[in-house]
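Student: A single structure is presented below for examination.
The values are calculated or read from the model by the stated rules, or taken from the named source; none is laboratory data. On a predicted model such as this, the values are computed, not experimentally measured, just so you know. Quick reminder, even Gly has a Cβ in these numbers, built from the backbone with ideal geometry, and neighbours come from all protein chains shown.
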Amino acid sequence: MTSSGAGMKIQLEHIGRRYNREWIFRNINFTFSTGNSYAILGHNGSGKSTLLQIIAGNLTTSEGKVSYHKEKVLDEDTIFNELSIATPYLELIEELSLQELIDFHFSFKKYKGNLTANAVIDLLGFERSRHKQVKYFSSGMKQRTKLVLAFCSDTPVLLLDEPTANLDNQGISWYKSFIKDFTADRIVIVCSNQEHEYDFCSSRLNITDFK
């Protein structure tokens, strides 16, 4: 499935981030562009998730600049409209049922292609859990739900952090099918240290090169 969004570019210029006096990374210069997939690599605690949160606009830089281009330079305050994100630390609204959660999410995002709430539930394989509150989902079910919401949103940028956390082998195969079917004409950025999560990525950025 292809996105209706125009071509996009995210530019990092001399990006650095520090906590207290310690630099996590410095002087990252990199450009992400539509139609390409990127892996941000590094050991646990190296700063991968921090960089992803900066790209998503959820964290500020300590130095340098992030800019977003889509026919024109985009306002940082509106960049969330262009992004979908799935991370282990992303909280779902657990009091909602799956149906309610999907309806709520897609009141803010457009469905990709001709998808509907029913189609999303079918893609999940969770028809029997449609009216179950998310708080009763297993960790694997929650992870699948986070991923399907991100993949099925019509956004030009897809951000994934440790996307197969809590997934079994069947879940990993399910993830790979989504990579195949839902990533064309998007910027896809995957933070990972597990090769099966990013082996499709054409470009690699190793965070340890910027210490």
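Results for (1) within 15 Å of the chain's Cα centre (by Cα); (2) within 22 Å of P88 (Cα to Cα), shown as yes or no for each residue.
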residue	(1), (2)
M8	no, no
E13	no, no
N20	no, no
W23	no, no
R26	no, no
T34	yes, no
N44	no, yes
G47	no, yes
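Student: Tell me, which residue of segment 178-202 that is acidic (D, E) and either crowded, with 22+ Cβ neighbours inside 10 Å or under 13 Å from V157 (Cβ atoms) (or both) is modelled with the lowest pLDDT?
Tutor: Residues of segment 178-202 acidic (D, E): 181, 185, 195, 197, 199.
Those left that are additionally either crowded, with 22+ Cβ neighbours inside 10 Å or under 13 Å from V157 (Cβ atoms) (or both): 185, 197.
On the way: D185: 94, E197: 97.
So, considering only residues that are acidic (D, E) and either crowded, with 22+ Cβ neighbours inside 10 Å or under 13 Å from V157 (Cβ atoms) (or both), the one modelled with the lowest pLDDT is D185.
Student: Filter segment 28-46 for residues that are of a type in the set (V, I, T) and within 14 Å of H69 (Cα to Cα); which is surrounded by the fewest Cβ atoms within 10 Å (Cβ to Cβ)? Please lay out each step first, then the result.
Tutor: Step one: filter segment 28-46 for residues of a type in the set (V, I, T), giving 28, 31, 34, 40.
Within this subset, residues satisfying the condition of being within 14 Å of H69 (Cα to Cα) are 31, 34.
Details: T31: 14, T34: 19.
Checking each candidate, the answer is T31.
Student: Scan segment 126-153 residue by residue and report those that are more than 16 Å from E100 (Cα to Cα) and acidic (D, E).
Tutor: The answer is none; no residue qualifies.
Student: Now a separate question. Only one of these conditions is not met by S97: (1) within 21 Å of N166 (Cα to Cα); (2) loosely packed, with under 12 Cβ neighbours inside 10 Å; (3) polar (S, T, N, Q). Which number is it?
Tutor: Among (1) within 21 Å of N166 (Cα to Cα); (2) loosely packed, with under 12 Cβ neighbours inside 10 Å; (3) polar (S, T, N, Q), S97 violates only (2).
Student: Output the qualifying pairs, or none if there are none: Cβ atoms under 6 angstrom, residues six or more apart or on different chains, first residue in segment 103-119 and touching a residue at least 60 places away in the same chain (Cβ under 8 Å) and surrounded by 12 or more Cβ atoms within 10 Å (Cβ to Cβ), second residue β-branched (V, I, T) and not in a helix (DSSP H, G or I).
Tutor: none
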